[in-house]
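The values are calculated or read from the model by the stated rules, or taken from the named source; none is laboratory data. Note that the structure is predicted; figures quoted are calculated from it, not measured. Heads up, the Cβs are rebuilt from the backbone with ideal geometry, glycines too, and the neighbour counts pull from every protein chain shown.
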């Protein structure tokens, strides 16, 4: 098995320029830490208060990294807990994968080792898209680390990914004309023009210049979902294209301690569309968990 990485040094340089532009829109982190794990070096950032109980740990979606939370960090920091962002291994960002990640157990292992390296014994997880799938996977393999889950339209978790999404992803990553790539990314993002904002430009460059080598997230069984007992918020985007929203929301109710919300006006990019609403819901959850 291969490991993820940039396809060329020129591509890495192009990504870093887009990444730095997007990072400039974030608040200044209070700490930046690289954690060594069995599968590579994981880049993390801390924002807000240093001593206010278990932190809120943010996991981004595929082809993105910490800057994807630019619109969310100001309101999430106001919740009063430390906020930690993690660049996922095997995705375009500042984490560096050095060993193949073979499946769900490996995904949970490197994330658990990241917690250990940061001195975290437990945390509240907020996952966007595939970050939500990663959060659920950690809850299944290392429930001791998870105080609560906030899941924003996670794919292949409550509903299976459709063939159209796979084709659109190929339209971004394959060597196709620029207009085709932009149209595919716009469709995945619910109509947003990637080149119109810094985070979108970073994601677009990352999808072109970075070669992913990650296993497809394993679809949880009904019994596995029922085994997750921590307080959980599930937000399903009503205009999501990654699964059938109504059916996904219905299956999310298998979680025994979950608040499930279907936002009819939201696309898969709901964190940027409704940052204050997201923070309000997360604050209500972590205040009682």
In the range 34-46, which residues are under 29 Å from residue 242 (Cβ atoms) and either more than 16 Å from the chain's Cα centre (by Cα) or modelled with pLDDT under 95 (or both)?
-> 37, 39, 40
Residues in the range 238-257: is at least one surrounded by 17 or more Cβ atoms within 10 Å (Cβ to Cβ), more than 19 Å from residue 160 (Cβ to Cβ) and modelled with pLDDT of 90 or more?
-> no
Can you name every residue in the range 258-271 that is within 20 Å of residue 61 (Cβ to Cβ) and modelled with pLDDT of 95 or more?
-> 260, 261, 262, 263, 265, 266, 270, 271
Please determine, by comparing only the residues of the range 47-64 that are surrounded by 18 or more Cβ atoms within 10 Å (Cβ to Cβ) and without any contact (Cβ under 8 Å) to a residue 40 or more places away in the chain, which one is nearest to the chain's Cα centre (by Cα).
-> 47
Only one of (1) within 24 Å of residue 215 (Cβ to Cβ); (2) not in a loop (DSSP other than H, G, I, E, B) is not met by residue 76, so which one is it?
-> (1)
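I need the full set of residues from the range 1-11 which are in contact (Cβ under 8 Å) with a residue 40 or more places away in the chain and surrounded by fewer than 16 Cβ atoms within 10 Å (Cβ to Cβ), in order please. So that I can check it myself, show each step before the final result.
Step one: of the range 1-11, the residues in contact (Cβ under 8 Å) with a residue 40 or more places away in the chain are 1-8, 11.
Once the filter is applied, which keeps residues that are in contact (Cβ under 8 Å) with a residue 40 or more places away in the chain and surrounded by fewer than 16 Cβ atoms within 10 Å (Cβ to Cβ), the range 1-11 yields 1, 2, 7, 8.
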Within the range 235-265, track down each residue that is in a loop (DSSP other than H, G, I, E, B) and under 17 Å from the mean Cα position of the chain (by Cα).
-> 240, 241, 242, 243
Residues of the range 139-153 satisfying the condition of being out of contact with any strand residue (DSSP E or B) (no Cβ under 6 Å at 6 or more places or on another chain) and more than 13 Å from residue 56 (Cα to Cα) | 140, 141, 142, 143, 144
Restrict the check to the range 18-26 and report whether at least one residue is surrounded by fewer than 16 Cβ atoms within 10 Å (Cβ to Cβ), at negative phi and either in a loop (DSSP other than H, G, I, E, B) or touching a strand residue (DSSP E or B) at 6+ places or on another chain (Cβ under 7 Å) (or both).
-> yes
Read through the list (1) within 18 Å of the chain's Cα centre (by Cα); (2) closer than 20 Å to residue 213 by Cα, then give the number of the only condition that residue 7 fails.
-> (1)
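Table: residues versus (1) in contact (Cβ under 8 Å) with a residue 12 or more places away in the chain; (2) buried (at least 23 other Cβ atoms within 10 Å of the Cβ); (3) closer than 15 Å to residue 35 by Cβ; (4) within 17 Å of the chain's Cα centre (by Cα).
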position	(1), (2), (3), (4)
92	yes, yes, no, yes
98	yes, no, yes, no
102	yes, no, no, no
112	yes, no, yes, yes
127	yes, yes, no, yes
143	yes, no, no, no
148	yes, yes, no, yes
151	yes, yes, no, yes
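Test residue 67 against the stated conditions and say whether it is closer than 29 Å to residue 277 by Cα and either part of a loop (DSSP other than H, G, I, E, B) or over 10 Å from the mean Cα position of the chain (by Cα) (or both).
Yes, satisfied.
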